Amino acid sequence: MSASSAYSALADRIRLLVLDGRLALGTRLPAERELAAQLGLSRTTISAAYAELRDSGYLESLRGSGSVARLPNRGAVPLESIAPPEFLDFSKATMPAVPAVAAAAERAAALLPSYLGESGFDPIGLRALRQGLADRFTARGLPTDADELMITVGAQHAIGLLARTLLSRGDRALVESPTYPHASEALRHNGARLVPVAVTTDEGWDEPSLEQAFQRTSPTLGYLMPDHHNPTGRSMSPELRERTAALAAAQGTTLLVDETMGELGFTDLSLDAPLTPPFAVHGRAVTIGSVGKSVWGGLRIGWIRADRELIQRVARLRYSSDLGTPILDQLVVLELLGEYDRILADRRAYLRASRDHLLARLRERLPEWTLPEPEGGLTLWINLGSPVSSQLALAARNEGLVIAAGPRFGMNGVFERFLRVPFSHPPELIDRAVDALAAAWSGVGRHPIGLGQEDLAEVV
Ligand SMILES: Cc1ncc(COP(=O)(O)O)c(C=O)c1O
């Protein structure tokens with residue numbers, strides 16, 4: 001390789017790491033001399049690559065503190081995810097309700113008269129439902145009392161309430177990158193400065209940067225999805241959960257663990273598949289959950305599991321925005337708890353069949369895409385091979401499909417090479433979505449960036 005192609009290949013490689021979110025914005029790159037030694041390249045090559053990255057806006061040199069990763073001031077504009085009615089909406093990973101909902105609603109309506117003599121609202125939620133959920137946590141290996149639970153209007157509400165309760169302006173909050181965008185929005189709106197930690201479909205969590213993020217920034221809060229992470233589908237190993245809980249404890253970080261996808265793994269579809277233990281069996285964590293994915297998003301029932309003191313703090317603050325969760329919906333979920341294991345088994349089977357269906361269609365129509373095979377959750381995080389996700393999402397709109405481009409799941413425009421495609425929708429809708437994607441893809445101009453051989457990810 002000539003000297004000029006060596007430096008531009010290196011610059012391209014670093015640029016891609018930034019665009020894909022594998023190199024978090026603000027990360028300090030190694031000093032030129034150090035990187036030259038690590039990669040076995042000349043110092044001149046490294047200098048030229050860094051100069052090119054500076055010129056194109058991907059690197060900023062700060063006096064006294066080296067060079068840090070940046071994005072040029074043209075971050076991709078996230079697409080708004082409100083689809084007109086005639087469009088197919090794949091911007092959300094939603095599922096039709098499980099059939100048991102209608103009958104449970106009838107049984108709940110029959111129970112309602114015994115509640116009508118009371119005020120009907122309180123910020124903590126129905127005792128019977130809290131007890132039912134507490135028993136489920138206990139059965140999954142985490143002894144829980146009804147007083148350690150609050151019923152919320154879905155998991156999103158829980159995230160918002162906890163962000164308001166725990167954050168002050170300027171506090172750091174650790175988030176995965178990519179992450180569930182409405183959670184990072186809630187953290188930011190409550191004043192947090194986000195500290196991203198990379199998660200990839202191949203490697204999962206970037207452990208050294210997770211450790212660094214905790215130790216260097218002592219975040220007030222860490223928002224994590226250790227089960228079937230949205231959007232990558234990855235799950236943390238028990239060892240990593242253990243280490244993460246210990247890192248958080250050492251820095252005084254409160255972990256908000258979003259287990260909305262916690263029981264949607266589909267490697268074992270049997271009814272008596274072992275129950276997944278909650279993250280909090282490994283150390284102190286506030287757990288968030290909901291029936292939004294397991295049963296139906298329309299029920300809007302979620303929960304917070306935390307110590308009594310925090311539940312009380314959240315309850316006091318909740319009065320300023322809402323006075324409680326609708327009783328009828330809580331009664332429907334209480335009814336469904338009796339058949340929850342069967343419901344989950346059906347959901348897992350549905351999701352695995354849908355994943356296979358989407359993979360088969362994509363392999364047929366878009367063979368050049370790199371497809372992961374997640375073992376749970378609702379989404380594929382697809383590597384498109386070139387940074388054209390926003391272009392593709394725009395072109396898909398012309399084909400009647402609304403889909404969120406990769407940068408929606410990152411901060412400041414990263415993940416242009418990725419697209420999140422949910423497999424939660426019924427097969428006929430998946431077929432239409434893949435047709436729309438294939439048509440859109442054929443019109444998107446692609447300019448693959450040449451890769452160097454160096455595995456920079458190990459160095460930076
Ligand atoms: C990871 C994650 N957390 C929370 C939510 C919100 O859930 P709910 O519908 O219960 O508010 C979603 C919905 O997509 C999600 O993907």
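For region 321-361, which positions are among the aromatic types (F, W, Y) and over 22 Å from the mean Cα position of the chain (by Cα)? Scanning region 321-361 gives a single hit, Y340. Looking across region 295-313, the residues that are among the hydrophobic types (A, V, I, L, M, F, W, C) and away from the ligand (no atom under 16 Å from the Cβ) come down to A306, L310, I311.
Give region 212-230 a look and list any residue that's of a type in the set (G, A, S) and either within 14 Å of the ligand (Cβ to nearest atom) or crowded, with 22+ Cβ neighbours inside 10 Å (or both), or say none. Across region 212-230, the qualifying residues are A213, G222. Would you mind stating whether S209 is in contact (Cβ under 8 Å) with a residue 40 or more places away in the chain, surrounded by fewer than 24 Cβ atoms within 10 Å (Cβ to Cβ) and more than 28 Å from L380 (Cα to Cα)? So S209 fails the test. Name the single residue that is farthest from L256 (Cα to Cα) among those in region 284-294 being of a type in the set (A, V, I, L, M, F, W, C) and near the ligand (Cβ under 10 Å from one of its atoms). Among residues in region 284-294 that are of a type in the set (A, V, I, L, M, F, W, C) and near the ligand (Cβ under 10 Å from one of its atoms), the one farthest from L256 (Cα to Cα) is V291. Within the bounds of region 103-117, is there any residue that is assigned to a loop (DSSP other than H, G, I, E, B) and surrounded by 19 or more Cβ atoms within 10 Å (Cβ to Cβ)? Taking every residue of region 103-117 in turn, none turns out to be assigned to a loop (DSSP other than H, G, I, E, B) and surrounded by 19 or more Cβ atoms within 10 Å (Cβ to Cβ).
Considering region 185-195, the residues that are under 26 Å from T94 (Cα atoms) and touching a Gly at 6+ places or on another chain (Cβ under 9 Å) include one that is surrounded by the fewest Cβ atoms within 10 Å (Cβ to Cβ), namely H189.
Of the residues making up region 271-283, just one is modelled with pLDDT under 95 and within 16 Å of the ligand (Cβ to nearest atom), namely T276. Restricted to region 376-392, and to residues there that are part of a helix (DSSP H, G or I) and more than 19 Å from S177 (Cβ to Cβ), the residue that is modelled with the lowest pLDDT is Q391.
Of the residues examined, R300 is not one that is out of contact with any Cys (no Cβ under 8 Å at 6 or more places or on another chain) and more than 28 Å from A102 (Cα to Cα). In region 256-276, is there at least one residue being part of a helix (DSSP H, G or I), in contact with a Phe, Trp or Tyr (Cβ under 9 Å, 6 or more places away or on another chain) and either farther than 25 Å from R172 by Cα or touching a residue at least 12 places away in the same chain (Cβ under 8 Å) (or both)? For region 256-276, residues part of a helix (DSSP H, G or I), in contact with a Phe, Trp or Tyr (Cβ under 9 Å, 6 or more places away or on another chain) and either farther than 25 Å from R172 by Cα or touching a residue at least 12 places away in the same chain (Cβ under 8 Å) (or both): absent.
Here's the yes/no breakdown for (1) at pLDDT below 90; (2) assigned by TED's automatic domain parsing to the domain that holds T379; (3) not in a loop (DSSP other than H, G, I, E, B):
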position: R22; (1), (2), (3): yes, no, no
position: P30; (1), (2), (3): no, no, no
position: A49; (1), (2), (3): no, no, yes
position: L53; (1), (2), (3): no, no, yes
position: L79; (1), (2), (3): yes, no, no
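For L384, indicate whether it is within 14 Å of A439 (Cα to Cα), crowded, with 21+ Cβ neighbours inside 10 Å and in contact (Cβ under 8 Å) with a residue 24 or more places away in the chain. So L384 fails the test.
The values are calculated or read from the model by the stated rules, or taken from the named source; none is laboratory data. Computed from a predicted structure; not experimentally measured. Heads up, the Cβs are rebuilt from the backbone with ideal geometry, glycines too, and the neighbour counts pull from every protein chain shown.
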